[in-house]
Amino acid sequence: MHIGVIGTGYVGLVTGACFAEFGVFVTCVDKDTKKIKSLKQGKIPFYEPGLEELVQRNIKEGRLTFTTDIAEAVRSSLVLFISVGTPPRGDGSADLSYIEEVAKEIAVNMKEYKVIVTKSTVPVGTGDRLRKIVSRHLNEKVDFDIVSNPEFLREGSAIEDFMRPNRVVIGADSQQAVAIMKDLYKPLYLIETPFVITNIETSELIKYASNSFLATKISFINEISNLCDKVGADVHMVAKGMGLDQRIGPKFLHPGPGYGGSCLPKDTKALLKMAEEHNVELGIIYAAVRANERQRESMAKKIKDAIGRLKGKTIAILGLSFKPNTDDIRDAPSIYIIRRLLKEGAKIRAYDPVFKSRELLLNSIKLSGEGSALSTSSSKLIKFCKDPYEAAEGAHALVIMTEWNQFRNLELERLKKLLSEPFFFDLRNIYVPQKLKKLGYKYFCVGRNLSNSYLQYYETKGFNE
Ligand code: UDX
């Protein structure tokens with residue numbers, strides 16, 4: 001089978017490369033000529049573990065090609081995936097103009113039956129809108145079907161999530177379209193991946209509801225961690241005790257500075273907007289969004305309350321991306337917290353293992369609200385460092401923002417000598433509090449209060465005492 005994938009961002013490129021790996025012939029389309037040129041050379045414009053090798057291998061084996069010519073992709077493909085951006089508008093609603101533009105371009109080039117698939121996260125009802133747009137712009141009277149096939153890829157593990165998904169969701173209203181999609185996903189069918197075959201609206205909503213529930217879980221444990229700090233409970237053991245209940249599950253119960261990225265923040269707000277338009281109250285999701293905003297503010301306050309006056313102080317920030325194994329800083333808590341620290345007159349020494357674009361960081365800080373007061377001269381207050389130790393040089397505090405593995409074995413004595421004051425803010429609870437305190441650090445984390453080492457979690461099956 002031959003498919004076209006329109007849009008070569010995280011979703012499109014991973015979808016195209018993984019289908020090619022399944023043996024499908026894939027034409028990836030993007031209107032960005034520079035991006036297509038570098039993709040043709042097997043160069044990926046963002047960091048995603050394993051993706052570069054996957055793309056290069058499939059280009060070499062002739063199953064993956066790149067073009068700016070959408071007509072070519074439409075002509076040669078039976079299934080066309082739309083995976084262009086649906087960026088949030090100011091009011092939180094999703095901007096569908098890119099999706100609709102692509103639908104028009106597909107329609108004018110269609111000369112025979114096609115299956116048009118929305119892979120991007122799209123508001124409920126988009127499938128219906130696309131059907132109308134395609135019908136209106138057809139040059140020839142041809143049949144087509146619209147399908148919703150949302151992705152559940154996590155940045156940093158996108159290939160794994162595509163190759164071994166928990167489920168494949170397909171929304172369609174024609175048997176023929178379902179049969180074609182099942183044929184396309186046969187390799188997953190053969191490893192008994194569950195398929196949820198439903199109507200388009202349900203499929204579109206499953207995506208938003210899933211991401212919003214994940215966001216709610218994170219905000220839930222973040223709020224519990226704040227209570228733990230007050231009552232002397234340990235949030236990791238609370239999460240452990242909760243997560244062993246199979247109805248709750250252990251995942252997405254790690255406290256931190258709040259969720260970021262290009263999905264959870266965007267999708268929760270878009271779902272709230274959809275609900276508002278249909279006059280439906282989604283109070284739980286609204287509360288999760290507000291709790292997330294409070295969480296990053298409370299992290300900035302934790303730093304300020306501990307250090308006191310921040311003016312003129314230097315803060316070392318380890319980790320800028322919104323999570324490990326990605327270079328994506330979109331809506332990352334680090335942006336908000338750096339902006340707050342700059343606003344208090346602090347200086348920043350930042351290190352991230354893969355994110356290197358100082359300009360993008362400054363623009364993100366400026367774009368995010370009061371950061372606009374960040375004049376170009378004050379941007380000199382942010383120094384990019386080559387490793388955690390350079391970042392710590394002369395800093396009054398060290399803040400772990402993102403739980404990169406390389407931050408889990410820092411040379412703590414060396415760091416302490418480099419810092420001008422021993423403040424250590426472990427916002428991802430990477431370290432054991434007692435260990436840092438024994439080394440003389442003024443250690444702060446999120447909701448951890450276990451001081452007696454005998455209090456542990458035991459797997460009773462292996463329990464031999
Ligand atoms: C998410 C969904 O997981 C994925 O299914 C969807 O397709 C896209 O959005 P992603 O945004 O890449 O994926 O990252 P994810 O791993 O979900 O983490 C999102 C944010 O939540 C990160 O900032 C992460 O640090 C934070 N997080 C995650 C927590 O704070 N605690 C947790 O327990 C889990």
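See the values below:
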quantity	calculated
Fewest-first ranking of HIS254, HIS278, using other Cβ atoms within 10 Å as the exposure measure	HIS278, HIS254
Computed label-point distance, nm, for sites LYS141 and VAL432 using a 7 Å Cα→Cβ extension	7.7
Relative contact order for the range 2-198, counting Cα pairs under 8 Å that sit 6 or more residues apart, in percent	19
Between 0 and 90°, nearest 10: helix 126-137 axis offset from the chain longest Cα axis	40
Between helix 97-109 and the chain: long-axis angle, C-alpha atoms, 0 to 90°, nearest 10	20
Expected-Rg normalisation [2.2 N^0.38 Å, Cα atoms] applied to the chain	1.06
Under the Karplus curve 6.51 cos²θ - 1.76 cosθ + 1.60, θ = phi - 60°, whole-Hz ³J(HN,Hα) for the range 329-345, x wherever Gly or Pro sits	10, 4, 6, 6, x, 4, 4, 5, 5, 4, 4, 5, 5, 5, 4, 7, x
The range 232-460 - Rg over Rh from alpha carbon coordinates, Kirkwood radius	0.99
ILE382 long-range amide H proximity, modeled H, under 5 Å	ILE348
Per-residue HN-Hα couplings for the range 211-225 [Karplus 6.51, -1.76, 1.60; θ = phi - 60°; Hz; x = Gly/Pro]	5, 5, 5, 4, 5, 5, 4, 5, 5, 4, 6, 5, 5, 4, 5
Backbone HN-Hα couplings from phi across the range 311-328 [Karplus 6.51/-1.76/1.60, Hz, Gly and Pro as x]	4, x, 7, 10, 10, 8, 10, 9, x, 10, 5, 6, 6, x, 6, 8, 10, 8
Kirkwood hydrodynamic radius of the range 2-198, from inverse mean 1/r over distinct Cα pairs, in Å	16.8
Relative contact order %, the chain, counting alpha carbon pairs below 8 Å whose residues are six or more apart	11
Where chymotrypsin sites (Phe, Trp or Tyr not before Pro) in DSSP loops with at most 10 other Cβ within 10 Å are excluded, longest remaining stretch of the chain	1-453
For VAL168, distant residues with modelled amide H under 5 Å away	PHE195, VAL196
Globularity index of the range 135-179, i.e. its alpha-carbon radius of gyration over 2.2 N^0.38 Å	1.61
Of LYS34/LYS132; LYS40/LYS60; LYS182/LYS207; LYS356/LYS383; LYS37/LYS266; LYS301/LYS442, pairs whose Cα-Cα distance is over 21 Å	LYS34/LYS132; LYS37/LYS266
Rounded to whole Å, sorted largest first: equivalent-ellipsoid semi-axes of the range 208-293, Cα gyration tensor	25, 13, 11
Förster-model FRET efficiency, 22 Å R0, ASN363 and THR33, C-beta, rounded to 0.05	0.40
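Quick note: the coordinates plus some simple rules give every number you see, no bench work behind them. In this text the structure is predicted, and so the values were computed from the model without any measurement. We place every Cβ from the backbone using ideal geometry, glycine too, and count neighbours over all the protein chains shown.
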